[in-house]
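A short write-up of the structure that comes next.
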Amino acid sequence: MIEREEMEIPERITEADAPAEERDFEVGLRPQSLQDFVGQDDIKENLSIFIEASKKRDEPIEHVLLYGNPGLGKTTLAHIIANEMGSQIRVTSGPALERVGDLAAILSNLGRGDILFIDEIHRMNKTIEEVLYPAMEDYALDIIVGKGPTARTLRLSLERFTIIGATTRLSLLSAPLRDRFGVTHHLNFYEEEHIGSIVARSASLLNTSIDTEAVDMLAGRSRRTPRIANRLLRRVRDFADVRADGHITRPVCQEALQKLTVDHMGLDNTDRRILSTVIEKFGGGPVGLSTIAAATQEEIQTIEEVHEPFLIQIGFLTRTPRGRMVTEHGYKHLDLPIPPNINNQ
Ligand SMILES: Nc1ncnc2c1ncn2[C@@H]1O[C@H](COP(=O)(O)OP(=O)(O)O)[C@@H](O)[C@H]1O
Ligand SMILES: [Mg+2]
């Protein structure tokens, strides 16, 4: 018989999207006001002035574009903006808007000051985008009525609404679309102390007791990303409930993280496999992204949006015009001998 423990496959803590059951858990932990939103102080300050000013003028806010890696708080911020404005928010996403009619229906149902949140806005198709331009700029919808020579364009006016767009890939957004946003905010990886505050806040919302040293340990391994911090906390809490008395101490935390194969830098198996593949199969690089993807059997998009940004951020990987290269720190982390010519490859 196989022991249960051996059968456990460590789940991927780096998964970009939250699966459905995790989404409910996330919603429960989501801060509702700017004040409860931890970190990103510059963005918070700008947004609060921006919101205050629109309220004073009694005008809807301008369109807002939020971009940044998965799990940094784009969706959360969109809801906070709506809350702070006292606005209704409707949620959709680039890939969900398949037909022009879908968008037209949504837009014509928006009231003054309502917010339409479009997640993954870079994945919206071109035809839809073109309907969105006049809608964002002139609050108008151009609809073609009839077919052939008798077809004509009808202009429908819309209420003054606000679009909040979120994207992980600003470069995939067309310039005309980008230009139609009044403000753009880039969410960066968080300071470790802010991740610590998020862990402590979430633990308290979950009625879980956790030692300060355990908070610090989780903060250090959460890839400076709130979603991952919450995800790890949840797994560690499960572990503490089953193996300990529910109280999260540092040793409990350490053991749980080991089972999840999260190392002291927060790297998971996939991160380590990416680094070791570049080293072992491609002499440390430079090597192209698609080659890495093929060799590791990971999706290009996952590497590009989830793994690579963090590996670059902590200085284990660099991006050069000829491809990706593992740095000295990357070799050291894997305990592999550093090639003598590492700097002049
Ligand atoms: N600044 C923050 N303070 C507290 N919790 C946060 C913060 N940013 C994100 N979170 C939490 O992290 C999770 C993921 O955030 P989310 O807004 O869904 O990220 P994104 O939309 O950028 O992928 C949510 O549970 C949210 O509550
Ligand atoms: Mg989101």
Solvent-accessible area of residue 262, probe 1.4 Å, all protein chains present, reported in Å² to the nearest ten, please. 10 Å²
With a sphere of radius 14 Å drawn around the Cβ of residue 95, what net charge do the other residues whose Cβ falls strictly inside it have (Lys, Arg +1; Asp, Glu -1)? -2
Rel. contact order, % - alpha carbon contacts under 8 angstrom, at least six apart, the chain: 16 percent
Would you rank 328, 192, 298 by solvent-accessible area, highest first, keeping every protein chain in place and using a 1.4 Å probe? 192, 328, 298
Local charge sum around residue 144 (other residues, Cβ-Cβ under 15 Å, Lys/Arg +1, Asp/Glu -1)? +2
Which of 303, 144, 115 fluctuates most in a GNM of the chain (C-alpha springs under 10 Å)? That residue is 144
Under a Cβ-Cβ cut-off of 14 Å, what is the net charge of the residues other than residue 334 that fall near it, where Lys and Arg count +1 and Asp and Glu count -1? -2
Antiparallel %, DSSP beta bridges [both residues in segment 40-187], to 5: 25 percent
Helix-only [θ]222 nm of the chain, DSSP H runs n ≥ 4, -39500 (n - 2.57) each, per residue, nearest 500: -13500 deg cm²/dmol
Cut-off 10 angstrom, C-alpha nodes, Gaussian network model of the chain. Which of 178, 23, 221 fluctuates the most? 23
Taking placed amide H atoms and a strict 5 Å upper bound, the residues 5 or more places from residue 164 or on another chain that come that close are 64, 116, 117, 118
What does the charge dipole of the chain about its Cα centre add up to, to the nearest 20 debye, if the Cβ of each Lys and Arg holds +1 and the Cβ of each Asp and Glu holds -1? 880 debye
From the protein chains alone at 1.4 Å, what is the descending order of accessible area for 263, 241, 271, largest first? 241, 263, 271
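For the full complex of protein chains and a 1.4 angstrom probe, list 147, 332 by accessible area with the highest value first.
147, 332
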If you fit an axis through the alpha-carbon atoms of helix 226-243 and take the longest principal axis of the Cα set of the chain, what angle between them do you get, 0 to 90°, nearest 10? 50 degrees
Using only Cα atoms, find the angle between the long axis of helix 192-205 and the longest principal axis of the chain, and express it within 0 to 90 degrees, rounded to the nearest 10. 80 degrees
Taking the Cα atoms only, what angle lies between the long axis of helix 126-138 and the longest principal axis of the chain, rounded to 10 degrees? 60 degrees
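The values are calculated or read from the model by the stated rules, or taken from the named source; none is laboratory data. Every value quoted in this text rests on a predicted model; they were computed, and no experiment measured them. Glycine gets a Cβ as well: all are built from the backbone with ideal geometry, and neighbour counts include every protein chain shown. All accessible areas refer to the heavy atoms of the entire protein, side chains included, with ligands and DNA or RNA removed. Shrake-Rupley method; radii C 1.70, N 1.55, O 1.52, S 1.80 Å.
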